[in-house]
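First the structure, in the form of structure tokens, and then the observations on it.
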């Protein structure tokens, strides 16, 4: 138990530290000198995923954004995702996005790619308030109360504005409400916070693909699916 | 004799018929109004509910301030809803529960543990961890109809112990026995008043008082008295005592709050104690019941001694009549009046924010719906932020008051959450309680240099042409406009700064280089950027627009900077979250909406420059008040002759815009940096925000450049600084310097030797 815990916690604390130190000491990403990635077809410039050395193996262990704890003074609580006790993971995450989306909307499950945990639910664990509110939202959505679900998710978003899983769920509910355009926007916002979390990125890109399909943008949807594939 | 009697019989018959017809008419009146909706209720506006969860940034003092405003009683051991006990960093409270749009929040016992300015523990009374809990929201105002009657409707089963007994004991002892009028009561009143030698008791029953307030005018005449008595009897005929008592409790007038008339015990309880009626204790009940006799005369805020005397008299009557024990009465008499203090959160009004809410509501609802249907409006208003902004403004203006002309300076402040687009606080005047010209919304003033980020953003969106370290010229120039006028911009210090890096133009707010850059980009292009940032004003494409000749309100500026703060995602600012009907049914939602308007890479670069504005440029005095480790981004703005002093800036979780200037548009002694920025910095110090921390977008690389040449270099070299670039636009990395070079040579030598 402790053997895996020490390196995993160390690695995630180190990564967490990297992500919260002030500007100026951000580690250099050696991106070589490839040109013009920003114009590769998708606004936001997510075009060059494959060429970026960002998906370190440890990354799948980074977990929870402590709400309100973005300051470097707060210890960031984290759980190694792949090795987390499975029973708690499954039982405490009934809102798990991937399974619920799959039957409803022809959502294509991303092919497994050696990431130990697999689906979005395993990508990371959430802590108390956000998990509780996402669970509530899931129940409300299940009961057909989409407005209530969206409202609960907005509550979660205020508590943890940079948690991409909240944005993912907001995008899902907007899609269920028939607002494909907003669904795509929320998924894109989610992507901006999902760096180093490939499974989540793939899910977000797949959601964008669905949203674009609903808007009649077949080419854009295909591009998004390709991004989803590349992310993993 | 006979004819006279016949006439008399006939006349009295006619009289009886007339009386009967009148009674039937009165009966219809009585029933019609009593059976329908008895009162219209103004819409109620609520602040955001305070959320509690582990890891939440919340100072204990702010938390207690909010609890005080919500009328929580400090107790040794929490006794029930509305109670709180404080022991060091551990606070236990019994929340009251509330129906929100999303869900019902239960009334529950909650333990909150604080550590520093964070919530470190949140548990239920049983000891189980609680993921998240909400306090009830603070009521911050209502939308009153023309007659300005306000009330909080209550049901008879919600009243606290002693209320009914006290009311009956003081106002109408025979209430449960009489049929609307009470001959016995009148007799007693006459006797009591005669023996006491003063008017201590009226003869009207509660039913008569209700009839008088409910159906009749304030006229004093015998015929009105007769009508009142008839209606009282009719009312008793149709409705039982409970209904009549409930109507009385809601109808009775208990005070005047400016234009607003405080009706009913439900609102009076909120108005005087900031507590729900059901929680009132014996002493509070006695005070309110005592006020029925003369709400103005016994107003406890205006005439506290008189009110206290009256309260204690009421308490004595209760002991006399056995309603409460002598010991209870003695204890109640020891208590102070307990009225909420003026100037505290509970007794403050926030006219500028309510103004914003009303404008939004009037777009979506009929006036009548707002003033009569009892709608519950849930807003994003954060009373803690509001008070911090207000005290920052007051403190700073006081500090600056030595300068000539500062006394005439007015103010507008807008505080939002950049991550949700919610408006948290608004100040519309340097007297924030004064409901008048709302400068935050309506003072449209030239924004000066606040426009500059839009120009630099336009440039940074073209990474093949412009980077933060592109060289630009800060040299005097002039151009002839279409109207033949010559435009000759000048720097604030009236100097030219030669060849500079692009970011330096923004950081130091140089007019020459910025205007030249804007002209290179094209004024229409810059205006397009402003449009995408959410600026609705359509300005003519004059070169002077590049230096902020166009006017915006502080709220519009907040809208513009919101997009910069939120990674290029535009969010229309919102003050209302949702609306419930009086019965608690969901009615309308104002959803969170976002739209990506800019590449996040370009925004990242711009934020970097705006952070440098704070660390080394025109905003650097902010760090006289705040720690250097707190990353902030912002921009100063000063219009011609310092007529307008602006500052707009943000941390990760707080965005604030401050405007200072005179209503008559006269010059002030304040620039953006010496005026508005000082207010902003003081506010940020009080708000204690999270440092700005935008994730590095995928298309951004951080490269080492030589600070003096702008050429690519290596971190080992002197003068090397790190700058962000859109991938592909960064300078080629230079060779390493210092000790590393010989090491490499040695390694080469060793390798050669080995070969």
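Only the coordinates and a few stated rules stand behind these numbers; no lab work does. This is a predicted model, so every value here is computed, not measured. Neighbour counts are summed over all protein chains in view; Cβ atoms, including those assigned to glycine, are modelled from backbone coordinates with ideal geometry.
Remark: B:452, B:33 ranked as B:33, B:452, counting other beta-carbon atoms within 10 Å and listing the fewest first. Rounded is the label for the stretch B:48-140. Its Cα gyration tensor axes, ordered a ≥ b ≥ c, give a/c under 1.5.
Solvent-free Debye calculation, one equal scatterer per alpha-carbon of the stretch A:120-183: log10 I(q)/I(0) at 0.26 Å⁻¹ equals -1.14. What separates the Cα centres of the stretch A:162-224 and the stretch B:552-627 is a distance of 22 Å. Taking a ≥ b ≥ c as the square roots of the Cα gyration tensor eigenvalues, the stretch B:435-485 comes out oblate, since a/c reaches at least 1.5 and a/b does not exceed b/c. Against chain B, whose longest principal axis is taken from its Cα atoms, helix B:2-35 shows a tilt of about 20°. Sorted fewest first by neighbouring Cβ atoms within 10 angstrom, B:301, B:494 come out as B:494, B:301. Both the radius of gyration and Dmax for the stretch B:390-687 are 18.9, 68 Å, in that order, over alpha-carbon atoms. Based on C-alpha pairs under 8 angstrom that are at least 6 apart in sequence, the stretch B:488-570 has a relative contact order of 25 percent. Treating each Cα of the stretch B:1-101 as one equal point scatterer and applying the Debye formula with no solvent, the log10 of I(q)/I(0) at q = 0.16, 0.22, 0.23 Å⁻¹ comes out as -0.86, -1.18, -1.23. Take the alpha carbon gyration tensor of chain B, find the square roots of its eigenvalues, order them as a ≥ b ≥ c, and report rounded if a/c is under 1.5; if not, report prolate when a/b exceeds b/c, else oblate. Prolate is the answer for chain B, as a/c is 1.5 or above and a/b outweighs b/c. Taking other C-beta atoms within 10 angstrom as a stand-in for reagent exposure, B:291, B:723, B:610, B:230 fall in the order B:230, B:723, B:291, B:610, fewest first. Separation of the stretch B:25-80 and the stretch B:291-327, taken as the distance between their Cα centroids, equals 25 angstrom. Only Cα pairs under 8 Å and 6+ residues apart enter the sum, and on that basis the relative contact order of chain B stands at 11 percent. Distance between the C-alpha centers of the stretch B:477-522 and the stretch B:629-681? Whole Å please. Cα centroid to Cα centroid, the span is 21 Å. Relative to the longest principal axis of the Cα atoms of chain B, the long axis of helix B:183-196 makes an angle of roughly 80 degrees. Of the two radii for the stretch B:572-671, the radius of gyration is 1.13 times the Kirkwood radius, both from the alpha carbons; that is the Rg over Rh value. Pairwise Cα distances in the stretch B:266-387 exceed 16 Å for 69 percent of all pairs.
Look at the alpha carbon pairs under 8 Å that are at least 6 residues apart: their mean separation over the length of the stretch B:603-714 gives a relative contact order of 23 percent.
Based on DSSP H segments of at least four residues, each scored -39500 (n - 2.57), chain B has a per-residue ellipticity at 222 nm of -12000 deg cm²/dmol. To the nearest ten degrees, helix B:222-238 and the longest principal axis of the Cα atoms of chain B are 80 degrees apart.
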